Amino acid sequence: MRKLWIAIAIILLFTVLAGCSGAKGNVVVGAKDYTEQHILGNILALLIENNTDIEVTLKVDLGSGMIFAGMLADTLDIYIDYTGTIYANHLKYYDSHSDYSEAASGDVIFEITKRALMEDYGILMLDRLGFNNTYAIVVRADTAAEFNLRTISDLAKISSDLIFGGGNEILNRSDGIPTMKIRYDMSFRAEVVLNGNVRYYAIAEDDVQVIEAFSTDGMLLEHSLVVLEDDKQFFPPYQAVPIIRDEIAQMHPEIVDEVNKLVGIMSDDVMRSLNYKVDVLGLEPRDVAEEFLRENNLIN
C-alpha cells in the first residue's frame, strides 16, 4: 500500500510540492481544498511562524488522497486531517463491500488510526483538537416538512425521486455515497458533482434536493437547512487531528508543543463560526486564523 501511495505522490505532487520539506529549519504545511482546511492550514502555519525559528511553506487546495500521498512521499510534513477519513479512506478499514455491522466508537477509531499511522507509515498523530466535522446529509426545511423527513432512513423511502449534489470525494469514497446507498438500501434519481459552497446555492434554487454538508460548515448558519439523523450510524466520527511525519516531530519537537496548544480551545461551534466568517462574511482564511490565534493568546 505504501508503494502505491508513493507512486501516486510522484505523479501528482512532484511538480506541485517539490521543495525543501524536512530540511533543517523548514517545514511544509498542507491543507485540503475547502474553507475549513484553508483556515486550519493557516492556523498551523501562523503558530509555527510566530512561535519558532522554523520557516514555513503552506500548500493549499490539495485533495484528500493527494495530501496524504504527499506525507508518504515526504513532500509534506504536517496537516490536520480527520479520524474517519484516515480510518476509512487512507487505511481502508471500510471498503465498498463493508456492511458496517460493527460501528466503531470515536475512541476506538482514534486508537486504531494512531497506531496504524505510526507502525505502517511513520506518521505521528497528535491529540484530537476538539471538534468533529462529520459528513451530514441535508435537505431544505420545506422538503423535510413535505415528506416528513427526520432521518436518512426516511430519505431512503423517497430518494429515487430526488437529485443529490455533493463533492467528488463523497460521491466516490468508500465512506461516502456508494456505500451509504448500500447501507440504507437507497438510490437517487441523479447524482451531480457540486464542490464547495456551490451545493448550497444549488439546493436553494432546487437544482438538487439533497446535498452533503459538514457538521462545522458555516453555510449551515446561513440557510434554512435540516440535517438528517444518521440513524444507522453509517458515517464514522471525523474528529480533527494534526498528523506530522515522525521524522519532523523528532527534528522539531517545538512544532508538536505549539500544535498541542490548540487542544481544548476548539469545538464544533468554534469551527463553524470560523468557517462562517470566511464563507458568509467574506473574510480571508489567514485573517480569520490570525484573529483566532490572537484572541486565544497563542501568538502575539
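We did not get these values from a lab; they are worked out from the coordinates using the rules stated. None of the values given here were measured: they were computed from a predicted structure. Neighbour counts run over all protein chains shown; Cβ positions are idealised from the backbone, glycine included.
Below are the figures for this structure:
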quantity: Residues with amide H under 5 Å from that of residue 26, placed H, sequence gap 5 or more; calculated: 55
quantity: Expected 222 nm ellipticity per residue - DSSP helices of 4 or more, -39500 (n - 2.57), all of the chain, to 500; calculated: -12500 deg cm²/dmol
quantity: Inter-site label distance for residue 161 and residue 204 at 7 Å from Cα along Cβ, in nm; calculated: 2.6 nm
quantity: Note, ³J(HN,Hα) from phi for the stretch 61-71, Karplus 6.51, -1.76, 1.60, rounded to Hz, x at Gly and Pro; calculated: 6, 9, x, 4, x, 5, 5, 5, 4, x, 5
quantity: Greater than 20 Å apart at Cα, pairs in 157/232; 92/114; 59/114; 32/277; 32/232; 157/181; calculated: 59/114; 32/232
quantity: Long-range HN-HN contacts of residue 79 with modeled amide H, under 5 Å; calculated: 30, 243
quantity: Computed label-point distance, nm, for sites residue 153 and residue 291 using a 7 Å Cα→Cβ extension; calculated: 4.3 nm
quantity: Separation in nanometres of the label points that stand 7 Å from Cα toward Cβ, at residue 142 and residue 223; calculated: 1.4 nm
